[in-house]
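One structure is given below, encoded as structure tokens.
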Amino acid sequence: MNAPGPTNEAVSPQQPRDPAVTAFGWLRWLPWAILLAGAAITWQQHLALKERVALIERARFDIRANEVALGLERRLQSNADLLRGVAGLFAASDQVDRDEFKQYVEGLQLERHYPGIQGIGFSQWLSADQLPAHEAEIRRQGFSGYAVHPPGDRAHYSAIVYLEPFDWRNQRAFGFDMFTEGIRQQAMRRSVETGEAILSGKVTLVQETDEDTQAGFLIYLPVYTKHIRPDSTQDRWNKLMGWAYSPVRARDLVQAFLRQEFPALSEHVALRLYAAGEPSAGALLYDDPRHSSLNGPSALRITRKLSLHGSQWLLEVEQLDGSALADSSAGSRGVLWGGAALTLALAALAQVILRSHRKIAQALRSSVDANRRLASSQAALRLAGTVMNASPLGIFVTDAQRQVVSVNPAFTHITGFHPGEVTGKQPEWFLQTQHAVDLPRMWDDVEHQGNWAGELDCRRKDGSVYPQRLAITRVTGESGQTENCVGLFQDITEQRKAEANIRRLAHHDYLTGLPNRALLVERATQELLAASRYGHKPVILFLDLDRFKPINDAHGHETGDEVLVEVARRLSSLLRETDLVCRQGGDEFVVLLPDHHTEEGLISLAQKLLDAIETPYTVKGRSLELSASIGIAIFPEHGDTVDKLIQNADAAMYQAKAQPGQKIWLAGATPETENLAA
């Protein structure tokens, strides 16, 4: 047997790995790498979009808060202006009776136009010596149980004698001495010493009961004798008749203000109002009960100070949690879910084409680009669509160079300019003001303070002029640089008309429509200044109707009012446009002539006025007759101030009444001297 020899099979060395497998073996981890990278990118884009949306939402909320603050400030201003009309009523009448005051307040339609105002009233200023006679007079008017309260001995009293509407709530305040309460007294003193309307601090109104009790405040405006505001503080107290005032229930005022002026916004914001410049429980006038739910991190809060007749009030506006951010959150969530879905799809694709490195790289680049395009699209859609198109107010958006990039439909409706006409232009192009406005300063405030708000008189595309209330807010990026400016405006033509009507009521007689004494004094003061400079001779004619009281007593106030209106019409028809005729009060009228040439011409004009007045009047089928007496005073011979001229003309009128056969009398003449008016 042969010995075993060596075998022919040798041991094979270890086979090397496929180079392709070695090069791409790491690709099995690529789907996980894509998943992690996509999640990180998606989350970063989600956070960036969320932050940008928050900045835009903050800018929108700032604009809304400014609108609410300006609107509330204007509402309080218009409430205060109502009292100037009441002061004008007292200036136009020798004695305002209860029925006359009631008719005036009813004409204002407080519940419809000024909700929250509990009423309009007048509180009379009395000394201790006047109190018994005052209480006796009110009792004779049918209020047998009337007494000024709270009782007690004081040097002076303030008694509420008129308060309309005279309902069950306001009757609780009838006869109340507001000067006995510290907060009310402080406001009443300030109004007398400044001569302006003053708002009190927080009080509980006398009208409140145990049910539906709410905080309130009062507005005071002093009423002086003859409607002339004295110069010194002591003189103002000496000539004080009382206060025109208005009690206001704060909750009714604020809730009605939101419903009327911001109906869509009232469901999404909550307000706090303090009757002081800083928040404190003692000054809290109104607190929306929904505030208790505003503790979430997404709620927006802002405070604005209101300037009200020398006082500082504080308004706090808070956005209800989630009320206006839902759409914004939906946009950022869309980016999050869209990015997640896309990332998963790319990871699955990477698993399928594991061996194709180039295709995987391209898929990654496509994923990044898609995420960026999606974020940019969502931000543009949010900015151009949601913020603008649904707003009834005009809105324009500029870029960092202040060139318009977008406007909403309301912008075109108000201005007449279409988007293509303003895109690429700066706002100065369509803010064509009628009067010079410091627009560079406006932009400086926007750049350094973040916002600007005010009123402009602008021109539309068709050339017509309209008043505009404008608010501009700066939108910044992550590093604080300006990215956009958002302007929001509205046409306030109707509000201006309402304000002009209130001012007219304060300077014109409510019955005849003639200027009242306040406007006469203002105009006469101007004419005397011009006369001193140019040598003119203004003239005052003081006219008093004779036999008017018997007509008023025999035929009633309605007939007497018609006669006074006709007298005003006749006097106005005989005078030039440069002349001024006003109703002094009762049956007295005053005529201001800016200049005259001869005394004979004055007498001739006075005689024409008498002839017109003595022409019979036909009222309700009756023929009625009047006569008049006229006193004449010439500047500067009979006085170098308005008061002296009126006083001397008044005295001359009484001289005419006292002299038999005389109806016209020139100031300074006596029965023993030759009177040119004879």
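The values are calculated or read from the model by the stated rules, or taken from the named source; none is laboratory data. Since we're looking at a predicted model, the values are computed, not measured. Ideal geometry is used to build each Cβ from the backbone, glycine not excepted, and the neighbour counts take in all protein chains shown.
Listing for the model above:
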read-out	value
Counted residues, the stretch 581-595 - those being closer than 16 Å to A92 by Cα and among the aliphatic types (A, V, I, L, M)	3
Exclusive hit being in a helix (DSSP H, G or I), free of Cβ contacts under 8 Å to residues at least 40 places away in the same chain, under 16 Å from L163 (Cβ atoms) and charged (D, E, K, R), set D99, D129	D99
Matching residues, the stretch 450-504, being touching a residue at least 40 places away in the same chain (Cβ under 8 Å) and among the acidic types (D, E)	D462, E478, E483, D491, E499
Check on L284, surrounded by fewer than 19 Cβ atoms within 10 Å (Cβ to Cβ), at pLDDT 85 or above and not β-branched (V, I, T)	yes
Lone unmet requirement of (1) modelled with pLDDT of 95 or more; (2) surrounded by 14 or more Cβ atoms within 10 Å (Cβ to Cβ) for D595	(1)
Conditions (1) modelled with pLDDT of 85 or more; (2) within 19 Å of N501 (Cβ to Cβ); (3) surrounded by fewer than 19 Cβ atoms within 10 Å (Cβ to Cβ); (4) not β-branched (V, I, T); number of the one not met by L110	(3)
Top-ranked residue of the stretch 113-131 - restricted to ones that are within 20 Å of R504 (Cβ to Cβ) and at pLDDT below 90, ranked as surrounded by the most Cβ atoms within 10 Å (Cβ to Cβ)	Y114
Near pairs, Cβ below 9 angstrom, 6+ apart or cross-chain, from the stretch 549-566 (without any contact (Cβ under 8 Å) to a residue 40 or more places away in the chain) to any residue that is in a helix (DSSP H, G or I) and charged (D, E, K, R)	N552/D561; H557/D99; H557/E100; G560/K549; G560/D553
Residue identified as within 21 Å of G175 (Cβ to Cβ) and in a helix (DSSP H, G or I) among A136, A91	A136
Those residues of the stretch 208-226 which are surrounded by fewer than 19 Cβ atoms within 10 Å (Cβ to Cβ) and either under 30 Å from L520 (Cα atoms) or not assigned by TED's automatic domain parsing to the domain that holds Q171 (or both), in sequence order	T225, K226
Any pair with Cβ under 8 angstrom, 6 or more apart, that starts in the stretch 205-230 at a residue that is modelled with pLDDT of 85 or more and ends at one that is among the acidic types (D, E)	Q214/E208; Q214/D252; G216/E208; L221/E196
Among residues of the stretch 523-540, those that are surrounded by fewer than 15 Cβ atoms within 10 Å (Cβ to Cβ) and part of a strand (DSSP E or B), counted	0
Matching entry among D94, D99 (being at pLDDT 90 or above and of a type in the set (D, E))	D99
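For (1) of a type in the set (S, T, Y); (2) assigned by TED's automatic domain parsing to the domain that holds A649; (3) part of a loop (DSSP other than H, G, I, E, B), each residue gets a yes or a no:
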{"residue": "Y466", "(1), (2), (3)": "yes, no, no"}
{"residue": "L470", "(1), (2), (3)": "no, no, no"}
{"residue": "V475", "(1), (2), (3)": "no, no, no"}
{"residue": "C485", "(1), (2), (3)": "no, no, no"}
{"residue": "V521", "(1), (2), (3)": "no, yes, no"}
{"residue": "F542", "(1), (2), (3)": "no, yes, no"}
{"residue": "P550", "(1), (2), (3)": "no, yes, no"}
